[in-house]
Amino acid sequence: MDLPPPLKDACERLRRVVPARDAAVMMDAATADHLGLSDVVAVARLLAVHRGGLSSLEAATARDTLERGREAGINPSASLARLRRKPRRTQQELTLVPQPVRATTATPTPRRIDPVTWRGPVAAVALDVGETKTRLQFDYGCPDFDRIKDVAKMHGGAWNQRKKSPSYWSVPNNELQAIAAKLANLQVDMSGVESALVIIAGRAHEAAAAIRRVRDATLVVPEKITLYDHQDVGVRFLMSRPNCLLADDMGLGKTLQALLALYNQLGDGERVLVLCPKTLMHNWVAEDRKWSTAPTSAIAKSGKPLPDSRIVVISQDTAKREGPLRDALLKVRWALLLIDEAHNFCKTTSQRWKFAHKVKTDRVWLMTATPMMNRPMDLFSLLKLTKHPLGADRFKFGIRYCAGRHDGYGWNFSGSSNIPELSKRLSGWVLRRLKSEVLDLPPKIRGSLMVKVPTRLANMEYSTIDALMRGRKLIAMAKVDATIGRMKEALDADEKVVIFSNFLDVLDALEAACAKDGVRCVRIDGSVSADERRRVVEQFQTDPDTCVFIGQIIAAGVGITLTAATQVIMADLALVPAFHAQAEDRAYRIGTTDRIVVTYIRAEAIVDDAMWEMLESKIDVIEMFEGGLGDADDAVEAGANALLSAVRRARRS
């Protein structure tokens with residue numbers, strides 16, 4: 001059966017990997033000049049992979065093509081159907097004549113090749129090695145160019161078309177090693193990329209050497225401070241990395257570690273910007289003044305000039321607002337940007353994230369006990385802020401680690417996949433320690449108290465999000481009596497109690513019950529000022545007659561210490577597991593002397609059962625990620641050695 005010229009050319013370029021049984025399907029797609037050459041090649045490859053008609057030389061590349069195509073929701077038949085609907089193209093668009101590349105004297109340009117007479121290897125040239133990406137150029141017009149292009153695309157490469165300068169491929173630095181290996185299998189001359197691998201490997205070895213120097217250095221620690229072993233390691237971790245995440249468990253002293261790292265590393269005239277929640281601003285200044293002989297931190301406030309201090313502390317909400325203060329902050333060249341409770345920056349579309357991304361600095365330290373609030377995609381924005389290679393491409397990150405899929409409306413990245421691999425790749429960037437690993441604390445005991453609620457609530461089904469939220473609130477109110485009963489049991493045993501809820505109506509009911517029984521209680525919700533928060537916490541911690549603390553789980557779940565309590569009650573369930581983890585550890589941290597009992601009040605209802613199952617599944621993913629994190633310093637050393645091996649292989653080839 002004769003094939004149209006475009007299909008013949010495509011099959012020749014693919015070295016006849018399209019089986020004969022696919023010829024009729026391909027001819028139907030290519031006849032009447034409905035498809036351009038690139039479309040024919042793409043469909044031919046998809047069909048070749050799908051049917052199994054592969055040469056050994058193309059097996060690895062084609063297997064990757066099919067795998068990524070399936071992950072992206074592509075199948076060959078659907079591709080053909082879509083391509084048939086494309087508008088007609090001119091015969092000129094179907095020709096094999098390569099377009100000329102404008103040459104410049106500043107950068108090397110691949111030579112133009114005659115596709116008929118070409119017989120030699122393809123040269124790859126590295127034009128520039130950036131902090132996260134490398135610019136590559138390949139000789140074009142050769143029979144293998146389409147396969148080379150596919151390899152670049154598979155590994156996050158993006159084509160950058162330029163009119164007044166040579167066009168190039170932009171590929172992530174962390175993928176360059178894999179690209180070089182695959183192109184070597186395609187008999188591509190990679191000598192031009194060797195220099196890029198050498199530069200990247202050199203940077204990795206410099207980072208590993210910096211870690212060794214900091215590890216052996218003597219820290220300057222004020223006499224008033226006695227460091228735990230894990231805090232010493234944390235200070236050195238921060239000092240040895242320009243961009244990183246300190247993800248220690250709640251209550252392990254992240255603020256102290258950061259301040260010590262700053263004072264051991266800041267040079268004369270260098271300034272630091274600290275972004276933290278409004279409720280923690282005074283905590284940063286107080287921690288500085290607690291042990292520093294010459295405090296150098298100050299709070300920046302709207303309507304006032306920017307403080308001329310070494311450490312400027314500003315609330316995350318103030319920084320995101322337009323105004324003179326924001327403009328002044330963005331004009332300064334900061335030695336370092338430090339973000340506390342960095343999980344608040346998990347969306348790249350938020351104003352606070354956009355502000356942080358605009359801050360002029362080469363170094364970013366992140367601090368949070370819950371870097372993955374819900375799912376792996378929560379990490380992407382933090383990776384992008386710290387210029388990590390995995391933060392370069394959201395789509396690629398979502399496909400690889402978030403089980404990305406197209407649901408008919410758009411790409412959905414709410415899932416999780418390849419979590420052990422993600423943990424391994426982030427081991428040198430994040431430091432995570434649990435209290436159970438580094439402190440000798442009393443045990444924390446979790447349990448659930450099941451409560452019956454009216455049948456109409458227990459079996460109620462919801463068709464909209466608003467209805468579901470109202471149903472959650474009704475069920476929470478139905479559990480108030482059980483919460484009060486559990487509170488009274490703890491008070492009868494002379495124990496202090498902390499109670500968290502999502503809903504203000506529940507807090508009101510609990511506060512009224514305490515007033516009725518003559519129990520002295522304190523309360524924190526979103527309406528409480530920072531000064532009042534400090535007074536309330538101090539009263540609960542020091543006054544033996546104040547036995548109950550009532551808090552809204554988000555407003556009171558971070559930045560405070562409630563170690564006077566031995567009982568923690570979750571009156572209802574939050575949608576995010578990290579909210580519960582943060583709230584629990586207000587009472588379970590450095591300074592805890594007795595065992596802590598955490599009780600979850602759960603209704604025997606469809607909604608509570610579904611939420612509990614959802615929370616458990618999210619916790620499983622988070623624990624899998626945290627459990628796979630290796631030693632941070634060893635991970636950097638191993639990465640540097642792997643790059644060095646890649647350079648040696650490139651030289652041999």
Practice problem: Answer with yes or no whether L390 is open to solvent by 10 Å² or more (accessible area, probe 1.4 Å) and under 13 Å from the mean Cα position of the chain (by Cα). | Solution: yes
Practice problem: Name the one entry in R321, R333, R363 that is touching a Pro at 6+ places or on another chain (Cβ under 6 Å), of a type in the set (K, R) and open to solvent by 30 Å² or more (accessible area, probe 1.4 Å). | Solution: R363
Quiz item: Tell me, which residue of segment 522-551 that is part of a strand (DSSP E or B) and either open to solvent by 30 Å² or more (accessible area, probe 1.4 Å) or at pLDDT below 90 (or both) is nearest to Q582 (Cα to Cα)?
Solution: R523
Practice problem: State whether the residues of segment 437-450 include one that is surrounded by 13 or more Cβ atoms within 10 Å (Cβ to Cβ), part of a helix (DSSP H, G or I) and either within 30 Å of the chain's Cα centre (by Cα) or without any contact (Cβ under 8 Å) to a residue 40 or more places away in the chain (or both). | Solution: yes
Quiz item: K354 is checked against (1) open to solvent by 40 Å² or more (accessible area, probe 1.4 Å); (2) touching a Ser or Thr at 6+ places or on another chain (Cβ under 9 Å); (3) modelled with pLDDT under 90 and fails just one. What number does that condition carry?
Solution: (3)
Exercise. Kindly indicate whether any position in segment 378-399 is of a type in the set (G, A, S), over 28 Å from L256 (Cα atoms) and touching a Pro at 6+ places or on another chain (Cβ under 7 Å).
Key: yes
Quiz item: Out of all the residues in segment 598-620, which are closer than 19 Å to D466 by Cα, of a type in the set (A, V, I, L, M) and crowded, with 16+ Cβ neighbours inside 10 Å?
Solution: A605, I606, V607, M611
Exercise. Any residue in segment 365-378 that's at negative phi and without any contact (Cβ under 8 Å) to a residue 60 or more places away in the chain: show its pairings with residues that are among the aromatic types (F, W, Y) and in a loop (DSSP other than H, G, I, E, B) at Cβ separation under 9 Å, as long as the two are six or more apart or on different chains.
Key: M377/F413
Exercise. Looking for whichever is in contact (Cβ under 8 Å) with a residue 24 or more places away in the chain, farther than 24 Å from L256 by Cα and β-branched (V, I, T) here; the options are V332, V312, V285. Which one fits?
Key: V332
Quiz item: Does S309 count as open to solvent by 10 Å² or more (accessible area, probe 1.4 Å), of a type outside the set (V, I, T), under 16 Å from M367 (Cβ atoms) and modelled with pLDDT under 90?
Solution: no
Quiz item: Can you name the number of the only condition in (1) modelled with pLDDT of 90 or more; (2) over 23 Å from A578 (Cβ atoms) that V221 fails?
Solution: (1)
Practice problem: Give just the number: which of (1) touching a residue at least 60 places away in the same chain (Cβ under 8 Å); (2) within 9 Å of the chain's Cα centre (by Cα) does R405 not satisfy? | Solution: (2)
Self-check item: Answer from L256, L246, L275 - the residue that is open to solvent by 10 Å² or more (accessible area, probe 1.4 Å) and either in contact with a strand residue (DSSP E or B) (Cβ under 8 Å, 6 or more places away or on another chain) or within 30 Å of A207 (Cβ to Cβ) (or both)
Solution: L256
Quiz item: Do we find that F345 is surrounded by 21 or more Cβ atoms within 10 Å (Cβ to Cβ), closer than 16 Å to C244 by Cα, out of contact with any strand residue (DSSP E or B) (no Cβ under 9 Å at 6 or more places or on another chain) and at pLDDT 90 or above in this structure?
Solution: no
Quiz item: What's the number of the condition S315 fails, among (1) within 18 Å of the chain's Cα centre (by Cα); (2) open to solvent by less than 20 Å² (accessible area, probe 1.4 Å); (3) not aliphatic (A, V, I, L, M)?
Solution: (1)
Exercise. Just give me the residues in segment 161-175 being touching a strand residue (DSSP E or B) at 6+ places or on another chain (Cβ under 7 Å) and modelled with pLDDT of 75 or more, in sequence order.
Key: Y168, W169, S170, V171, P172, N173
Quiz item: Does segment 237-251 contain any residue that is of a type outside the set (S, T, Y), without any contact (Cβ under 8 Å) to a residue 60 or more places away in the chain and either in contact with a helix residue (DSSP H, G or I) (Cβ under 6 Å, 6 or more places away or on another chain) or at positive phi (or both)?
Solution: yes
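Yes or no, residue by residue, for (1) part of a helix (DSSP H, G or I); (2) of a type outside the set (A, V, I, L, M, F, W, C); (3) surrounded by 14 or more Cβ atoms within 10 Å (Cβ to Cβ):
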{"position": "E194", "(1), (2), (3)": "yes, yes, yes"}
{"position": "V198", "(1), (2), (3)": "yes, no, yes"}
{"position": "A201", "(1), (2), (3)": "yes, no, yes"}
{"position": "E206", "(1), (2), (3)": "yes, yes, no"}
{"position": "I211", "(1), (2), (3)": "yes, no, yes"}
{"position": "V214", "(1), (2), (3)": "yes, no, yes"}
{"position": "V221", "(1), (2), (3)": "no, no, yes"}
{"position": "K224", "(1), (2), (3)": "no, yes, no"}
{"position": "Q231", "(1), (2), (3)": "yes, yes, yes"}
Quiz item: Would you pick out the residues in segment 139-158 that are modelled with pLDDT of 70 or more and of a type in the set (A, V, I, L, M, F, W, C)?
Solution: I148, V151, A152, M154, A158
Exercise. Please indicate, with yes or no, whether at least one residue in segment 396-413 is open to solvent by less than 20 Å² (accessible area, probe 1.4 Å), within 21 Å of I200 (Cβ to Cβ) and either touching a Gly at 6+ places or on another chain (Cβ under 9 Å) or outside any loop (DSSP other than H, G, I, E, B) (or both).
Key: yes
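The values are calculated or read from the model by the stated rules, or taken from the named source; none is laboratory data. All values derive from a computational prediction rather than experimental measurement. Every residue, glycine among them, receives a Cβ derived from its backbone with ideal geometry; neighbour counts consider all protein chains shown. For the accessible areas, the whole protein counts, side chains as well, though only heavy atoms, and no ligand, DNA or RNA atoms are used. Shrake-Rupley method; radii C 1.70, N 1.55, O 1.52, S 1.80 Å.
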